[in-house]
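Visitor: Please find one structure pasted underneath; my questions will follow.
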Amino acid sequence: MSNKYKKSTNRRINIKERIDIKTKIKKLLIISLLLIVILTLTNCGRPFYVPGASMGYFLWQTEDGNYHLYWSNDWDRNASNDNLRKFSGSIRTDGVITIKNLYLWEGEELTKDIENVDIIKVEPSRVEFIAYTTNHDYEDGIDFSIDNETYVEFNLKNNDIYDLGRISLGSFANSPDEEIFIISEDELLYEAKKPFYLKHPFSTFFFKLSYDRVFTNIYLLLMGIIVVELIRVSILLKSKNYKKLIYISYGILFLILIIVNIILLTK
């Protein structure tokens, strides 16, 4: 076997291996994207955040009725004073508050010789707290329940100022409209149980899809092309009926567009 033939064979093998690797990577990316979408649409109402990367307050309620108020600092190696940040505020209600857990709390009774200890004052219908985060302690939280309440009032400050954009309520990270905001009994739990298409921002988006025919067609066409192309490079590329399947895929896309337009015209 000549060296020229060996080099040609090895080159073909290397090309095939590279194509296989690229195909596997694309499939992995598609699967990961689908998993993210599924997890987002089926989560239990908890806001998505990464402690040490996401900064602000995160508030949600679980099926057992307990409330969870957590806060996180974004890690910054170059920040002065070890990126010290103060989270403070109060929780007030007409019911009775029971503290279930203080998450990663550095209280006086837990740790000695800490310059900035986390402080909490608990009364039957009111909780006041001051907590600090740094590059080494970037998350704290309070788990609590309330009995016989009709509302819960939150007054939350970030470095002694109000920053509503840094307060995330429920799974879709909605922000409150007022500095001192009120949540009715089980409101967060009710929001968590609603189908995703009834939640903001999906509700607004689907409403726009339902009445703006131009926007709907452009959106569905672009998303359809992206989906077809992802299927093409990850699944259909090695098929013997590659061209036929591509034509069928785009045919299905345009058929969907026709059906959607017929539905919109009948409204």
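Visitor: What pairs come up if the first residue lies in the stretch 217-238 and is in the same structural domain as Leu253 (by TED's automatic domain parsing), the second is aromatic (Phe, Trp, Tyr), and their beta carbons are under 7 Å apart, counting only those six or more places apart or on different chains?
Guide: Every condition considered, the pairs that remain are Val228/Tyr250; Leu236/Tyr242.
The rows are residues; the columns are (1) surrounded by fewer than 14 Cβ atoms within 10 Å (Cβ to Cβ); (2) within 12 Å of Tyr70 (Cα to Cα); (3) in contact with a strand residue (DSSP E or B) (Cβ under 9 Å, 6 or more places away or on another chain).
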{"position": "Asn135", "(1), (2), (3)": "no, no, no"}
{"position": "Gly141", "(1), (2), (3)": "no, yes, yes"}
{"position": "Phe144", "(1), (2), (3)": "no, yes, yes"}
{"position": "Ile180", "(1), (2), (3)": "yes, no, yes"}
{"position": "Ser184", "(1), (2), (3)": "yes, no, yes"}
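Visitor: Looking only at the stretch 248-267, decide whether some residue is at pLDDT 75 or above and in a loop (DSSP other than H, G, I, E, B).
Guide: No, because not a single residue in the stretch 248-267 is at pLDDT 75 or above and in a loop (DSSP other than H, G, I, E, B).
The values are calculated or read from the model by the stated rules, or taken from the named source; none is laboratory data. In this text, all values refer to a predicted model and were calculated from it rather than measured experimentally. Every residue, glycine as well, gets a Cβ built from its backbone with ideal geometry; the counts of neighbours run over all protein chains shown.
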